[in-house]
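Working notes, structure below.
All of the numbers you see were taken from the coordinates with simple rules; none came from a lab. These figures come from a predicted structure and were not determined experimentally. Here the Cβ positions follow ideal geometry from the backbone for every residue, glycine too, while neighbour counts run over all protein chains shown.
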Amino acid sequence: MTTTTIKAENISKVYSLQKQKTFKEFLPALFGGKETRTKFNALSHINFEVKKGESLGIMGKNGSGKSTLLKIIAGVTKPSDGRITVLGQVAPLIELGAGFHPELTGRENVYLNGSILGFKRKEMDKLYKNIVEFSELVDFMDQPVKFYSSGMYMRLAFSVAVAEIPDILLVDEILAVGDSKFQQKCLDRIREFQNQGSTMIMVSHSVEMIGQYCTRGLLLKSGKQIYFGDITEALSKYQDLLT
Ligand SMILES: Nc1ncnc2c1ncn2[C@@H]1O[C@H](COP(=O)(O)OP(=O)(O)O)[C@@H](O)[C@H]1O
Ligand SMILES: [Mg+2]
């Protein structure tokens with residue numbers, strides 16, 4: 001598995017959902033009545049492989065399990081069944097503001113995020129200037145990030161994640177919240193990484209973006225894998241699904 005960076009073997013994810021109880025149902029439950037949890041299959045039997053330097057686009061309607069899958073790859077959540085193998089350092093951009101502490105300033109969050117990504121303080125001191133420059137948030141670094149807009153969050157999160165070339169970059173839709181000029185800047189950076197051999201997994205509703213930046217495609221429908229393989233075929237099947 002020397003050239004394989006990410007391998008998903010028969011991955012499933014089951015969420016246990018708490019049913020909303022009425023008061024009549026609540027009392028017996030309190031005294032040891034039946035549990036009213038239902039199981040929900042967010043992902044069922046997912047299998048794919050991403051080789052080093054490849055870019056995989058994950059497609060599917062809302063709720064099809066795309067973010068859950070990225071979280072499993074990032075190690076934020078575990079599969080209920082099956083196995084995930086990830087070789088290399090992962091830079092995850094999977095949830096807006098995840099890893100950000102609202103009360104801390106932009107500067108403090110940059111350092112906090114850097115340490116989550118595995119950078120030492122000294123390395124961060126060196127990277128800090130470039131991160132802030134890339135984010136174009138120089139004047140906002142001493143403000144608590146709770147005052148940031150979603151676009152500003154995204155700028156800062158992306159800037160930290162791409163401060164150094166990651167082995168594996170995970171991008172979940174967040175590019176959509178930026179303005180188009182900043183989005184293009186992020187995409188240029190992503191292209192640079194691809195040219196230097198980084199592996200990427202991208203979730204986007206934009207067929208154009210996936211087509212332009214991904215070589216392979218994975219199509220999900222209600223947590224099930226509809227297709228994995230060539231990007232052209234994946235996009236065409238995705239468009240069939242939408243019509
Ligand atoms: N922590 C959770 N607990 C329960 N259900 C969840 C949780 N996270 C996601 N889900 C459910 O799993 C399904 C897939 O969600 P998600 O992976 O976010 O889909 P997508 O990113 O494709 O829109 C959805 O039905 C969602 O409601
Ligand atoms: Mg999602």
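The alpha-carbon positions of segment 156-212 define a convex hull whose volume is 78 Å³ per residue. Helix-only mean residue ellipticity at 222 nm, the chain, DSSP H runs n ≥ 4 weighted -39,500 (n - 2.57), per residue, nearest 500. What is it? Here the helix-only value at 222 nm equals -11500 deg cm²/dmol.
Springs between alpha-carbon pairs under 10 angstrom, Gaussian network model over the chain: which of ASN130, ASN113, ASN47 fluctuates most? Result for the chain, Cα springs under 10 Å: ASN130 fluctuates most. For SER12 and THR232, what does the FRET efficiency come to when R0 = 25 Å and r is the distance between their Cβ atoms, rounded to the nearest 0.05? After rounding to 0.05, the efficiency reads 0.35. Sort segment 50-131 into rounded, prolate or oblate with this rule: let a ≥ b ≥ c be the square roots of the eigenvalues of the Cα gyration tensor; rounded if a/c is under 1.5, and if a/c is not under 1.5, prolate when a/b is larger than b/c, oblate otherwise. Prolate. Restricting segment 46-136 to GluC sites (Glu not before Pro) that sit in a DSSP loop and have at most 11 other Cβ atoms within 10 Å of their own Cβ leaves GLU103.
Shape of the chain from its Cα gyration tensor (a ≥ b ≥ c, root eigenvalues): rounded if a/c is under 1.5, otherwise prolate when a/b > b/c, or oblate? Here the chain falls in the oblate category.
Under the simplified labelling scheme, the THR85-ARG121 pair shows an inter-label distance of 3.8 nm, with each label point 7 Å from Cα along Cα→Cβ. The overall shape of segment 85-180 is oblate: from the C-alpha gyration tensor, with semi-axes ordered a ≥ b ≥ c, the ratio a/c is 1.5 or greater and a/b is no larger than b/c. Tell me the chymotrypsin sites (Phe, Trp or Tyr not before Pro) within segment 179-243 that lie in a loop according to DSSP and have at most 11 other beta-carbon atoms within 10 Å. For chymotrypsin sites (Phe, Trp or Tyr not before Pro) across segment 179-243 that sit outside H, G, I, E and B with at most 11 neighbouring Cβ atoms in 10 Å, the list is empty.
Just to confirm a number: summing +1 for Lys and Arg and -1 for Asp and Glu over residues other than GLU9 whose beta-carbon lies under 13 angstrom from that of GLU9, what do you get? Summing Lys/Arg as +1 and Asp/Glu as -1 gives 0.
Once label points are set 7 Å from the Cα along Cα→Cβ at both LYS78 and LYS52, what is their separation, rounded to one decimal in nm? In this crude label model, LYS78 to LYS52 measures out at 2.9 nm.
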